[in-house]
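Below: one structure in structure tokens.
The values are calculated or read from the model by the stated rules, or taken from the named source; none is laboratory data. What you see is a predicted model; the values in this text were computed from it and never measured. Cβ placement follows ideal geometry from the backbone for every residue including glycine, while neighbour counts extend to all protein chains displayed.
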Amino acid sequence: MTKYIINGSNPLHGEVEISGGKNAAVAIIPAALMVDGVCRIENLPQISDVTTFLNILKQMGASIKMVNKRTVDIDCSNVGTTQATFGLMRRIRASYYLIGALLARFGSADVAMPGGCNFGSVRPIDQHVKGFTALGATISVSNGILNAEAANGKLRGASIFLDVVSVGATINVMLGATLAEGNTVIENAAREPHIVDLANFLNSMGADIRGAGTNVIKIRGVERLKGGFYSIIPDQIEAGTYMAAVAGAGGRVVIKDVIPKHLECIYGKLREMGVTILELEDSIVVQRMNPLIRTHIKTMPYPGFPTDMQPQLSAILSLAEGTSTVTEGVWDNRFGYVDELCKMGANIRVIGRTAIIEGTQYLTGAPLVAGDLRAGAALVIAALCAKGQSEIEGVSYIERGYEKMINKLSALGADIKTAYMPEEASFSAREVV
Ligand code: EPU
């Protein structure tokens, strides 16, 4: 087991390069299953979710060749199975994109119910099922395995109105509809940048998808997709996380290789908190010299403030002057990290879906456990801001979605390192006992 050891209170200075988007990568990799020939995917983030997904495809018979650390050639011509390997499938949430991709290619899919981050009392997939059913598939679940069968072996285009704005359902229906017979319209579609990225990937391989990035997506089914090249967009949540780290710890950092438009809702809030933000063509300069000012945040689907930045902003608002509120508008429960911040001296109460944060002058280092990916990022940020030493366990969550976070933060002047520990020495193991 690994933990991070962080000595806080060092301001951050320098430059950090942002990697390719996690949530774009985990949609594009399974989409490669639908392509005849080799897909070259560039700007892949080096994170464990990507490695897991590539291994799932490999176990299904795909040829996976790393051209370099960030570029992979995927050829799924030899995949003959409609079943995905259950052990690896349970490790990542996005494994459910295999349902759309397998249904599109084979008209049939047997996929383990998804795993992933540990928040929300339920993470339903009823909107995915609604979409596949409208496209003519029959869905059943038994023993943890979801079986989907298209009538006569082929999905048919349909009009689908999603009852909730769902990133996953929008992506899954887009995948299924791409090779379906006829036209599909998805209304009340999610608009996140990774949805546009997936549409651009599929279109570059021969699909006919229009409207991605708006709430109505129109897909004309095509017979086949052909191989090609594609480069994944930068990860706006990774960029936002480093912006929050500088806002909390202080200093001045150039955040490079980003699409500033995707970050507007994040830096709008940081500006309200007194952080100086300079937007350049493909980078953002973040500087924080003065005390942070309180603000109010409500998370919403894109282009609203992203739920995936909620824990990181709560961490730094715990150091802002005055009382802030953070309301979670996407998930029913995403405040599991609050108890950990309170161990550091933060003053946060959660009432329903809202955290009320009374700013405190300083946080102190503490032994901490990350319960999910973004909670882990929030604890790292809090530890960077705190007086003294923190030890963070549960870092495998962080490594699912952040490439080389230790190296990137160390290069900015943070005092952060990894330590290995025997399992019985872990705080989380002790708590269970
Ligand atoms: N929902 C339903 N029914 C469904 C699907 C979703 O009611 O069939 C509800 C969910 O319970 C939730 C809301 O709709 O309340 C939004 O869920 P969505 O489907 O948009 O989430 P997701 O696709 O499972 C993706 C990201 C998450 C991110 C959310 C929201 C991936 C792999 N995951 O999840 O990212 O929080 O969208 O933006 O793209 C993360 O990166 O840390 C992460 C958790």
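On the basis of being at pLDDT 95 or above, closer than 18 Å to R374 by Cα and surrounded by fewer than 21 Cβ atoms within 10 Å (Cβ to Cβ), does I398 make the cut?
no
Could you tell me whether any residue of the range 351-358 is acidic (D, E), in the same structural domain as G240 (by TED's automatic domain parsing) and in contact (Cβ under 8 Å) with a residue 60 or more places away in the chain?
No.
Select from the range 304-313 the residues that are of a type outside the set (A, V, I, L, M, F, W, C) and within 17 Å of G274 (Cβ to Cβ) and list them in ascending order. So that I can check it myself, show each step before the final result.
Within the range 304-313, the first condition is being of a type outside the set (A, V, I, L, M, F, W, C), and the residues that meet it are 304, 306-308, 310-312.
Selection gives Q312 alone.
I want to confirm something. Restricting to the range 177-195 and keeping residues that are assigned to a strand (DSSP E or B) and hydrophobic (A, V, I, L, M, F, W, C), which single residue is nearest to the ligand (Cβ to nearest atom)?
Of everything passing the filter in the range 177-195, I186 is nearest to the ligand (Cβ to nearest atom).
Consider D163 carefully, then state whether it is out of contact with any Phe, Trp or Tyr (no Cβ under 9 Å at 6 or more places or on another chain), outside the structural domain of P311 (by TED's automatic domain parsing) and within 16 Å of the ligand (Cβ to nearest atom). I'd like the intermediate steps shown before the answer.
Values: out of contact with any Phe, Trp or Tyr (no Cβ under 9 Å at 6 or more places or on another chain): yes; outside the structural domain of P311 (by TED's automatic domain parsing): yes; within 16 Å of the ligand (Cβ to nearest atom): yes.
So D163 passes the test.
Looking at (1) farther than 11 Å from L103 by Cα; (2) more than 16 Å from the ligand (Cβ to nearest atom); (3) surrounded by 19 or more Cβ atoms within 10 Å (Cβ to Cβ), find the lone condition where S140 falls short.
For S140, the failing item is (3).
With respect to D208, is the statement that it is assigned by TED's automatic domain parsing to the domain that holds R224, surrounded by fewer than 20 Cβ atoms within 10 Å (Cβ to Cβ) and more than 12 Å from the ligand (Cβ to nearest atom) true?
Values: assigned by TED's automatic domain parsing to the domain that holds R224: yes; surrounded by fewer than 20 Cβ atoms within 10 Å (Cβ to Cβ): yes; more than 12 Å from the ligand (Cβ to nearest atom): yes.
In short, yes.
Could you check S108 against (1) modelled with pLDDT under 95; (2) among the polar types (S, T, N, Q); (3) within 22 Å of G168 (Cα to Cα); (4) surrounded by fewer than 23 Cβ atoms within 10 Å (Cβ to Cβ) and say which number it fails?
Among (1) modelled with pLDDT under 95; (2) among the polar types (S, T, N, Q); (3) within 22 Å of G168 (Cα to Cα); (4) surrounded by fewer than 23 Cβ atoms within 10 Å (Cβ to Cβ), S108 violates only (1).
Which numbered condition in (1) within 22 Å of L179 (Cβ to Cβ); (2) surrounded by fewer than 20 Cβ atoms within 10 Å (Cβ to Cβ) is the only one that N55 fails?
All conditions pass for N55, except number (1).
Got at least one residue in the range 298-313 being modelled with pLDDT of 95 or more and more than 16 Å from the ligand (Cβ to nearest atom)? Don't jump to the end; show me each part of the working.
Residues of the range 298-313 modelled with pLDDT of 95 or more: 298-313.
Next, only the ones that are more than 16 Å from the ligand (Cβ to nearest atom) stay: none.
No, every residue in the range 298-313 fails to be modelled with pLDDT of 95 or more and more than 16 Å from the ligand (Cβ to nearest atom).
So in the range 326-341, with the set limited to residues that are among the hydrophobic types (A, V, I, L, M, F, W, C) and within 12 Å of the ligand (Cβ to nearest atom), which one is farthest from Y302 (Cα to Cα)?
In this case the residue turns out to be W331.
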